Amino acid sequence: MTAEAPTIVELASNTPNLSTLVTALQAADLVTAMQGAGPYTVFAPTDEAFAALPAGTLDNLLKPENKQQLVDILTYHVTEGSAMAADLSDGMKVKTLNGKELTVMMEGDKVMLNEATVTTPNVEASNGVVHIIDKVMLPPTGM
């Protein structure tokens, strides 16, 4: 193996079922931030998770005039620090980069965040860790 692990963005770019996430990061101008030192924990929705959004939602979010909404959604999938699945516990609240919290639920060895299930945990990157999930999580609105 080579020396340096890929950054979170490189890892996502090299993972075929995360191409929609990479497109969204580019549209939101978050690529540079997610290549930063971190460490970050990213809960990465698959292409299928994005496809499961209501018809037209993704196309709408990728429009320049909806950039802030896209940033809010994407930063809801990122936390500071590098949290492996073993670091998460049932009922734990995890603060995301957009300021809202995710709730961790454990069902046996299955890890869930809000309504999303971690399908591939603990994919290590040079600037954090990626957990691949099966749903796009929408941040709560209002206060």
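Assorted remarks:
- Selection from region 88-112 of residues that are out of contact with any Leu (no Cβ under 9 Å at 6 or more places or on another chain), within 20 Å of VAL130 (Cβ to Cβ) and exposed (fewer than 13 other Cβ atoms within 10 Å of the Cβ): SER89, ASP109, LYS110
- Of all residues in region 17-33, at least one satisfies being touching a residue at least 24 places away in the same chain (Cβ under 8 Å), in contact with an Asp or Glu (Cβ under 8 Å, 6 or more places away or on another chain) and either assigned to a strand (DSSP E or B) or open to solvent by 50 Å² or more (accessible area, probe 1.4 Å) (or both).
- The selection criterion, being of a type in the set (Val, Ile, Thr), surrounded by 15 or more Cβ atoms within 10 Å (Cβ to Cβ) and within 13 Å of the chain's Cα centre (by Cα), holds for THR75.
- Helices (runs of 4 or more DSSP H) wholly inside region 43-141 that include at least 2 residues being β-branched (Val, Ile, Thr): 67-75
- Selection count, region 4-16, where residues are part of a helix (DSSP H, G or I), hydrophobic (A, V, I, L, M, F, W, C) and in contact (Cβ under 8 Å) with a residue 40 or more places away in the chain: 3
- Selected residue (criterion: nearest to LEU97 (Cα to Cα)) from residues of region 115-138 that are of a type outside the set (D, E, K, R) and open to solvent by 30 Å² or more (accessible area, probe 1.4 Å): LEU138
The values are calculated or read from the model by the stated rules, or taken from the named source; none is laboratory data. In this text the structure is predicted, and so the values were computed from the model without any measurement. Cβ sites come from the backbone with ideal geometry, for glycine too, and all protein chains shown count toward neighbours. Calculation scope for accessible area: heavy atoms of the full protein, side chains included, ligands and nucleic acids excluded. Shrake-Rupley method; radii C 1.70, N 1.55, O 1.52, S 1.80 Å.
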